[in-house]
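Nothing in this text is a laboratory measurement; each read-out follows from the coordinates by a stated rule. Since the structure is predicted, the reported quantities are computational estimates derived from the model, not experimental observations. As a convention, Cβ positions derive from the backbone with ideal geometry for all residues, glycine included, and neighbour counts pool all protein chains shown.
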Amino acid sequence: MSAMREAAMNSKAWPFEEARRLVKRYEKAAPDKGYVLFETGYGPSGLPHIGTFGEVLRTTMVRRAFEVISDIPTKLICFSDDLDGMRKVPGNVPNQEMLAGYLQMPLTSVPDPFGTNESFGDHNNEMLRRFLDTFGFDYEFYSARDFYRSGQFDEILLRCAERYDDLMKIMLNSLRDERRETYSIFLPLHPETGRVLYVPMKKVDAKSGTVTFDDETGKEWT
């Protein structure tokens with residue numbers, strides 16, 4: 001064992017403490033995929049800031065600590081939840097009146113107020129990547145929009161549909177009463193307006209891969 005690895009195995013710094021927990025998880029064998037995957041998430045509802053930087057930095061610190069004490073390869077994914085609905089207009093961007101007309105629309109369906117990208121979500125994704133690249137982070141970037149459109153989430157979505165009731169029981173226990181009334185693990189897009197809906201499901205059919213819900217007007221959709 002090298003002197004650096006020995007020091008890392010005894011370090012009380014929190015990245016090394018977290019890394020040692022991961023080493024124990026894989027002490028018998030590496031994951032089937034051949035590497036340990038680290039992931040950090042980003043919601044591009046506003047411009048990237050120091051908190052966004054910190055999310056990636058902290059994950060990278062644990063990753064680097066793990067690499068010191070383990071020979072298993074690693075990867076870091078930065079995942080953008082760019083299909084989230086825009087719940088409010090950020091106060092630090094131009095064209096706020098225009099943006100106000102797109103509340104609850106997926107961020108990659110909201111026009112870019114700066115006029116440089118196809119959407120507000122794309123603009124913020126690009127800013128984040130430029131931010132991370134400037135500081136030399138080693139990562140792979142993924143977009144929720146791309147994953148949904150390509151079908152990469154289809155398998156797990158069907159599994160969630162199959163276990164919908166069990167998952168809901170877990171989630172509802174962590175929510176306040178008023179949120180429980182409208183909560184669902186699925187957030188459908190309105191078939192006509194394209195807005196993200198925060199409504200309960202009336203029916204979840206795993207076999208057909210469909211959900212049934214009422215929109216805000218009471219109209220039922222499947």
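Key figures for this structure:
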| quantity | calculated |
| --- | --- |
| Relative intensity, log₁₀ I(q)/I(0), of the stretch 122-222 from a Debye sum that treats every alpha carbon as a point, q = 0.15, 0.18, 0.24 Å⁻¹ | -0.80, -0.98, -1.28 |
| Cleavage-rule hits (GluC sites (Glu not before Pro)) in the stretch 145-222: DSSP loop, at most 12 neighbouring Cβ within 10 angstrom | GLU181, GLU192, GLU216 |
| FRET efficiency for TYR142 and GLU18, using Cβ-Cβ distance with R0 set to 22 Å, rounded to 0.05 | 0.45 |
| Three semi-axes of the equivalent ellipsoid, the stretch 9-145, Cα gyration tensor, whole Å, largest first | 36, 14, 12 |
| Spin-label model distance (nm) - ARG163 vs ASN95, 7 Å beyond Cα toward Cβ | 4.2 nm |
| Other-chain or far-sequence residues with amide H under 5 Å of GLU39's (modelled H) | ILE77 |
| Set of lysines with alpha-carbon distance to LYS202 below 21 Å, sequence-local pairs under 8 removed | LYS169, LYS219 |
